[in-house]
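Written out below as structure tokens is the structure these notes cover.
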Amino acid sequence: MATVEDARKRMDDALDAVRREFATVRTGKASPALLDTVRVDAYGSKMPLNQVATVSTPDPTLLVVQPFDKTLIGEIERGIQSADLGLNPANDGNVIRVPVPPLNEERRKEYAKLLHKMAEEGRISIRHARRIVRDDIQSLARTRVTVAGKPSRSSRTSTTTRSMSSSRGRKRRSWRSDGRH
């Protein structure tokens, strides 16, 4: 059964995921998070870039990737190129320099659409977490059982019929204690 703490944790996780996704969007300023999605063929498997190298930003338009193992420098360079980020790495033998070009108007519009989509996905995941907990709480309230195994007085839906008169004649309307008609 989900609780309010579970909902808070799910919502916080959804917010963290959205923040991570937002960090991977290129804004014209270099950020090590830009390369979080890069995978490198290293040691026989695909590995995240941050497990085989350090990424730093010495200035706002440049990323510097320094591999832990110099033999992987070519694989890291290929991984950055194949990540489809629009970045062109330059290899000098020891480190890889990745200049971050300024954004043009067309690319800005694409990123705006992408950010709107990411934000909406985040909203949907928060709504989903809230809906799960709300449904669990409602089902718990409906099925609350006393020690004897009978529904408790507050959870029973008593139906009473009340007559209402109108100008066209008498109508019968059912009123339930839970507020639904």
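Worth a mention:
- Residue order, fewest to most surrounding Cβ atoms within 10 angstrom, among Arg97, Arg10: Arg97, Arg10
- Residues of type aspartates and glutamates that Lys113 reaches as a straight line, Cα spacing below 15 Å, ignoring anything fewer than 8 places off in the same chain: Glu21, Glu105, Glu121
- Ordered by the count of other Cβ atoms within 10 Å of each Cβ, fewest first, Asp16, Asp36 give Asp16, Asp36.
- FRET efficiency for Thr27 and Val4, using Cβ-Cβ distance with R0 set to 35 Å, rounded to 0.05: 0.45
- The value given for the range 87-146 is a Kirkwood hydrodynamic radius of 16.3 Å, derived from the mean inverse Cα-Cα separation.
- Gap separating the Cα centres of the range 68-94 and the range 1-42, nearest whole Å: 23 Å
Quick note: the coordinates plus some simple rules give every number you see, no bench work behind them. Computed from a predicted structure; not experimentally measured. Note that each Cβ is placed from the backbone with ideal geometry, even for glycine, and that neighbours are counted across all protein chains shown.
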